[in-house]
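Here is the structure we will look at, set down as structure tokens.
Laboratory data are not the source of any read-out in this text; all were calculated from the coordinates shown. Note that the coordinates shown come from a computational prediction; the quantities given were computed from them, not determined experimentally. Cβ coordinates were reconstructed from backbone atoms using ideal geometry, including for glycine residues, and neighbour counts include every protein chain displayed.
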Amino acid sequence: MSTFDLKICCMGAGYVGGPTMAVIAKNCPKIRVTVVDISQKQIDAWNSNDLPIYEPGLPEVVDECRGKNLFFSTDVAKEIDEADIIFISVNTPTKTQGIGAGRAANIKNCELCARKIAEVATSNKIVVEKSTVPVRTADAVRRVLKVNHKGLDFQVLSNPEFLAEGTAIDDLMDPSRVLIGGQQTPEGLKAIETLVSVYAQWVPREQIITTNLWSSELSKLVANAFLAQRVSSINSISALCEATGANVKEISRAVGSDVRIGSRFLSSSVGFGGSCFQKDILNLVYLCETYGLHECAEYWNQVIKLNDYQKKRFSEKMVSRMFNTVTGKKLAILGFAFKKDTGDVRETPSMFVVRDLMAEGAKIHVYDPQVKREDMFSEMAYTCNVTKENTPGLEDLVTTSPDAYTACEGSHAFAVLTEWDEFKTYDFQRIYESMAKPAFVFDGRNILDHEKLREIGFEVYAIGKPDPSDFDDL
């Protein structure tokens, strides 16, 4: 006889599914949680001490629960059939071809999950969209499930994630809110309350927001669009600061002190990356276009255009400041992940800067404490179409270094493209002495002490900060 009050199955063992289910298992010992995936390699990694993703605090949570009420399996059919609640947490990438290519989300994986559930389930289920999807995707999932020919009832809920990589475990343990959307019918409301009861075991009830399906689906896209908009807004001001002598950090502090605005997401940088912001905004743009809201579509598309401009502006500044040529020069790139405390390289700004510098003939040496070389090249191939086949000598053009000192030795410049804390602790005198002169620093995250670097002898250029040599009245 089962000792568990409820059984949960999560389809998809990636950045969202794995950590989310681990935290549910930790906080709900009477719930059996199983994460399934068709990739044996992915499941084997979750069952090992070398987890497939890097996230602070995740190994401890997995170690505490794995084998007790947290399991990882490739037996998808069995776990679906035994579960009461099934989470769909699979990738929904931007379409690369066909209608809506470059903007619309491809929900093929969600549909395949729904078809698998309809095929193997022998009892009623609550099916939860955890993946970020276009509004009204639940209708497609529901229609696929409805024609199961078994007389089964499937209630479809939307429960979008609001995680930030690098702080995902903290975000899950102490969320600002949990959002659950479902049909406003007796059956739908009952399903909502079942999922509410799971989260309520550690999340205060007043922080669990319930809505209709469509509000929940759209809220996720809107949340990411608003956050990305703030990044692009301050990045647009960074260009103006460099031209006028203003300091973007001082602007951010002054503007962020207004309680109506707040200080979050006002740090200027080389641009935003990650799997969510660009994909979700493009999805929002496509939705607006689909419904004939062209002015709305163009408004949100401008956020993407500004982000592209910021990345291009950074690489162009590197070339222009280094005497308009980097051909044959060794350049050190510190950081390839899209942000600190993660090994995720999806849509990372570093990749676009590296691509631009390679096109100029530079010899790139990359150091990142968590990014694997194979992941770096895989993302460059997928997003930038930079491959060994179309880029002769790619392996020689991009070297991955074991540490920052090796990457910088003999280089003409180093660029900080990820805000890893360790980058602030280096012996920069040692680095300066090992570099070609003049030694250039390009701080794409504004994390270094620029005045101290200049005292050492570096030529320093930073996002949103004027070059003292360009102004005599700073």
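Taking θ as phi - 60° and the Karplus parameters 6.51, -1.76 and 1.60, the scalar couplings of the range 263-275 work out to 9, 5, 6, 10, 8, 5, 7, 6, x, 8, x, x, 7 Hz in sequence order, x denoting glycine and proline. Once the Cα atoms are used to define both axes, helix 186-199 deviates from the longest principal axis of the chain by about 50 degrees.
Pairs from the list 249/311; 125/339; 279/363; 317/424 with a Cα-Cα gap above 26 Å: 125/339; 279/363. Amide hydrogen proximity for residue 10: with H placed 1.01 Å from N in the peptide plane, the residues at 5 or more positions away or on another chain lying under 5 Å are 34, 35, 36, 87. Debye-formula intensities of the range 292-370, expressed as log10 I(q)/I(0) at q = 0.16, 0.24 Å⁻¹, are -0.68, -1.11 (one equal scatterer per alpha-carbon, no solvent).
So which chymotrypsin sites (Phe, Trp or Tyr not before Pro) in the range 330-379 are both in a DSSP loop and have at most 15 other Cβ atoms within 10 Å of their Cβ? Mind dumping the intermediate values first?
Numbers: sites: 336, 338, 352, 367, 377; in loops: 336, 338.
In loop regions of the range 330-379 (DSSP not H, G, I, E or B), there are no sparsely surrounded chymotrypsin sites (Phe, Trp or Tyr not before Pro).
When only Cα pairs below 8 angstrom with a gap of at least 6 residues are kept, the chain shows a relative contact order of 12 percent. The loop-placed trypsin sites (Lys or Arg not before Pro) in the range 262-368, going by DSSP, that have at most 14 neighbouring Cβ atoms within 10 Å of their Cβ come out as 264.
Per-residue ellipticity at 222 nm, computed for the chain from helices alone with -39500 (n - 2.57) per DSSP H run of at least four residues, works out to -13000 deg cm²/dmol.
For the chain, 9, 10, 28, 65, 110, 113, 241, 276, 384, 408 stand unpaired, since no other cysteine beta carbon lies under 4.7 Å from theirs.
Relative to the longest principal axis of the Cα atoms of the chain, helix 108-120 runs at roughly 20 degrees. Averaging the sequence gap over all C-alpha pairs within less than 8 Å and six or more residues apart, then dividing by the number of residues, gives the range 69-227 a relative contact order of 20 percent. Put a dot 7 Å past the Cα of residue 434, heading toward its Cβ, do the same for residue 293, and the two dots end up 5.2 nm apart.
Hey, what's the Kirkwood Rh for the chain if you take every pair of different alpha carbons, in angstrom? Can you show the working numbers first?
Working: mean 1/r = 0.0417 Å⁻¹.
Computed over Cα pairs of the chain, the Kirkwood hydrodynamic radius comes out at 24.0 Å.
Given 10 °C and 1.306 mPa s, how large is the Stokes-Einstein diffusion coefficient of the range 1-108 in µm²/s, with Rh as the Kirkwood radius over Cα pairs? Calculated translational D: 109 µm²/s.
Rounded to the nearest 10 degrees, the inclination of helix 349-359 to the longest alpha-carbon principal axis of the chain is 50 degrees.
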